[in-house]
Ligand code: NDP
């Protein structure tokens, strides 16, 4: 497993990590345990979570698995994210109150003494950015979190957070968690470039397979048991499948041929492609079955096959590809 520095920080994070967003809703805790052990055995050291995932249950399950695994606490990294903690006004957003409450609640659910990476899951227009920066700084000083970051914030707001940190001698955000895959490249490849240059921010990128679209599984309809067949996820299906599917499918077929020529599968190509971007610190894998994770974990060694010629060929295939509307 390759390890990369989380931006300019000293933290070494595995280039492939494991997340438990929808995963937990579509698999049992037993599968989750198998996946986490398999990931850890393969060298994965970062496990991603959030207060919003299965309304906190995802952190409860992950915490129990970590406890039973009894891995040395200094050998793995755990994240949580704060923003959607409940319906009441004080249970959401990035106010000092919710940040502190959410941190305490996540620590309890995860059964940990500290959280390695604590993300602001979305920007909060109601809270002054300085309030958020100051509170994150306090949580770091109290030893409850080690690094704080943002997820899907606009570059301008992240720049403001750094300015507030500098002005007040506080610790600014170390990392951002954006979506990054062959269909969603703009933020990471354009908008955030100045953040990497000016602040040395790291990234832990999500949905590397565009919720499964880049596996090619939706080319002939929606397979039973797949993410887009799940009740409650109709909204997600609508976003992703609102695309010009004919144009997308043509490109997926070409990508499939290319991946076969390289001796890898389409999911492995999608993950390997994300790994080629050096501004990506870690690619967070999602899996509803262990076999899927076993397959995508191999991208760590396969990504060398994506030479600059192959990357150019992929760019040509993807030229003007219809992008799913950004709603997250
Ligand atoms: P992906 O886009 O990679 O989608 C994963 C899904 O793709 C799987 O659940 C499975 O779906 C399918 N899949 C994966 N591997 C294979 C394979 N080898 N063959 C066939 N199908 C496969 O990632 P996620 O959307 O799950 O995101 C990963 C993680 O990123 C999350 O768990 C979470 O930790 C984080 N995240 C963060 C967000 C944020 O706002 N910060 C937002 C979203 C995610 P199926 O059920 O169809 O089998």
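One table, with the values for the structure above:
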read-out	value
Translational diffusion coefficient (Stokes-Einstein; Kirkwood radius from C-alpha pairs) of the stretch 3-318 at 4 °C, 1.567 mPa s, in µm²/s	65
5 Å binning of all Cα-Cα separations within the stretch 78-207, expressed as whole percents from 0 upward	2, 11, 22, 23, 21, 13, 7, 1
Potential extension, residue 30-residue 316 segment - 0.36 nm per residue separation minus Cα distance	98.8 nm
Two-decimal ratio, the stretch 24-92, of alpha-carbon radius of gyration to 2.2 N^0.38 Å	1.20
Ranked packing of 250-257, 53-60, most packed first, by mean Cβ within 10 Å	53-60, 250-257
The stretch 1-72-the stretch 135-162 distance, computed between alpha-carbon centres (Å)	21
Simple label model, 7 Å out from Cα along Cβ direction - residue 69 to residue 308, nm	3.8
Kirkwood Rh, Cα atoms: Rg over Rh of the stretch 164-307	1.02
Using a Förster distance of 22 Å, the FRET efficiency for residue 262-residue 289 (Cβ separation, nearest 0.05)	0.40
Linear extension gain, residue 3 paired with residue 167, 0.36 nm per residue minus alpha-carbon span	55.8 nm
The chain - share of DSSP beta bridges that are antiparallel (%, nearest 5)	20
The chain: angle of helix 29-41 to the longest principal axis, Cα-based, in degrees nearest 10	90
Residue 100-residue 189 FRET efficiency (beta carbon distance; Förster radius 41 Å; 0.05 resolution)	0.70
Nearest-ten-degree value, helix 129-141 long axis tilted from longest Cα axis of the chain	80
Rounded to 10°, Cα long-axis angle of helix 155-168 versus longest principal axis of the chain	30
Contour minus Cα-Cα distance for residue 42 and residue 245 (0.36 nm per residue)	69.6 nm
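All of the numbers you see were taken from the coordinates with simple rules; none came from a lab. These numbers were taken from a predicted model, which means no experiment stands behind them. Please note: Cβ atoms are built from the backbone with ideal geometry, for glycine as well, and neighbour counts cover all protein chains shown.
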